[in-house]
1. Residues being over 26 Å from the mean Cα position of the chain (by Cα), free of Cβ contacts under 8 Å to residues at least 12 places away in the same chain and assigned to a helix (DSSP H, G or I): count how many of those fall in region 411-443.
2. Of the residues that sit in region 253-273 and are in contact with a helix residue (DSSP H, G or I) (Cβ under 7 Å, 6 or more places away or on another chain) and surrounded by 18 or more Cβ atoms within 10 Å (Cβ to Cβ), which one is farthest from residue 358 (Cα to Cα)?
3. Out of curiosity, is residue 318 in the same structural domain as residue 458 (by TED's automatic domain parsing), under 18 Å from residue 244 (Cβ atoms) and modelled with pLDDT of 95 or more?
4. Take residue 23 and tell me if it is in the same structural domain as residue 70 (by TED's automatic domain parsing), at pLDDT 90 or above and either part of a helix (DSSP H, G or I) or in contact with a helix residue (DSSP H, G or I) (Cβ under 7 Å, 6 or more places away or on another chain) (or both).
5. Residue 72 passes all but one of (1) closer than 26 Å to residue 317 by Cα; (2) in contact with a strand residue (DSSP E or B) (Cβ under 7 Å, 6 or more places away or on another chain); (3) modelled with pLDDT of 95 or more; which number fails?
6. Considering region 390-419 alone, what residues qualify as being buried (at least 18 other Cβ atoms within 10 Å of the Cβ) and closer than 24 Å to residue 107 by Cβ?
7. Only one residue in 500, 486, 463 is surrounded by fewer than 21 Cβ atoms within 10 Å (Cβ to Cβ), closer than 15 Å to residue 348 by Cα and modelled with pLDDT under 95. Which one?
8. Go through region 170-195 and count every residue that is farther than 12 Å from residue 151 by Cα and buried (at least 22 other Cβ atoms within 10 Å of the Cβ).
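The values are calculated or read from the model by the stated rules, or taken from the named source; none is laboratory data. This structure is a prediction, so every number in the text was calculated from the model and none was measured. All Cβ positions, even for glycine, are placed from backbone atoms using ideal geometry, and neighbour counts span all protein chains on display.
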């Protein structure tokens, strides 16, 4: 299994042929949650597909087929297992690692681009023809962009059906379906149940009766509860420390004691705005063993439910929830300098950004100046949510702001489109544009590449960062930074204790 984990850039089809499928079957037989989201298996005799850690009785090897994505399994005619819910697994880590067209396409599809702009819009963003994009995704992933987006829409629909009481017709369009009939057909094909049956099953599992229509809007306004899945150990305290240090007044807040904090922030989304709240404490199924995964509890308040998929994916990128800590830790622990840090903090994440353009501006102007820009140019929420009052202003709203040459040049590049920081951006091209801006330094570019572009292998240009840390240099540098910050924090605490003693 380790060969599979060390090869994030290679196609799943070229990782050892038949022996690789035997390895996958061993993962299924041992219910190895490390592989949830990395591949799926389907059982010909039952017509269902599952995640590798499915607790059901292991099927016979000759009845099992393997697929790289849920969409591929669905396209082959299999329906999702009701017991293990394979559509709820973390995303494959390789989509963040890969810089090729398939990796970029998957990041854009997850962000909802196909639903908003169609396959033509996806191809335009990638700089390829629709035929090329269709061919490459189908050959490598077993499904084209429409099927991949369809699988994602089905998952969004299930979340809305089971966690809100929006009318079914509204859920159909909020999930991205073109018609109610298409919505009904897809839900039945993927889950072997009607939308109403999915909702009723969720109500029974919560031991509550379905609410009446008059109370539906109140339920929606209370927010959508989410469980944001991750694989492996998750160092939530270290990540929430970063969020707390960087929290931007009016846009973000962190409340509570360390270990039990809640992070909240506003989001500007394609159809409206949102406020999201995420709890620091991680959950784990009672039956889990070996730190195979868990989740963070969250609640999402949307002005338009069509933004659910995009909001969730942006939150997942911020919290680095699709990472593969097993692959990262295995590589970095082989380095003598990093080994004790990895042992002390297994599963340390490299935080991303909820809004890439926002992060780039903040990286240049600093926290206090960014807060001033929010007050002067940010969009005001219809009603304050605690201390949250604004959505961070986009580049178009900041073009007239009083900013220095480098920040002004960055905003012009973003507004004109010569610099792209969206999930499907070419990272090397973006870095080249950033380095060409007057006054831009390599460390800031590396920070933007790591956080805004979600690159797990970023390092400042010209600095001596060991090649042995590839493809996880962002995580290596995060380990070093976290250790330094914790050392400084402890030193400050010791000085304070010493002062109080006198």
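1. Result for region 411-443: 2.
2. Step one: list which residues in region 253-273 are in contact with a helix residue (DSSP H, G or I) (Cβ under 7 Å, 6 or more places away or on another chain), which gives 254, 258-259, 261, 263, 267, 269-272.
Going one step further and asking which of them are surrounded by 18 or more Cβ atoms within 10 Å (Cβ to Cβ), we end up with 254, 261, 263, 267, 269.
Numbers: 254: 18, 261: 23, 263: 17, 267: 10, 269: 13 Å.
Among residues in region 253-273 that are in contact with a helix residue (DSSP H, G or I) (Cβ under 7 Å, 6 or more places away or on another chain) and surrounded by 18 or more Cβ atoms within 10 Å (Cβ to Cβ), the one farthest from residue 358 (Cα to Cα) is 261.
3. Here the answer is yes, as residue 318 does meet what is asked.
4. On the way: in the same structural domain as residue 70 (by TED's automatic domain parsing): yes; at pLDDT 90 or above: yes; either part of a helix (DSSP H, G or I) or in contact with a helix residue (DSSP H, G or I) (Cβ under 7 Å, 6 or more places away or on another chain) (or both): yes.
In short, yes.
5. (2)
6. 391, 392, 394, 395, 410, 411, 413, 414, 419
7. On the way: 500 fails: closer than 15 Å to residue 348 by Cα; 463 fails: closer than 15 Å to residue 348 by Cα.
From the options 500, 486, 463, the qualifying one is 486.
8. Filtering region 170-195 for residues farther than 12 Å from residue 151 by Cα gives 170-174, 178-182, 184-185, 188, 192-195.
Still in the running and buried (at least 22 other Cβ atoms within 10 Å of the Cβ): 171-172, 174, 195.
Summing the residues that are farther than 12 Å from residue 151 by Cα and buried (at least 22 other Cβ atoms within 10 Å of the Cβ) in region 170-195 gives 4.
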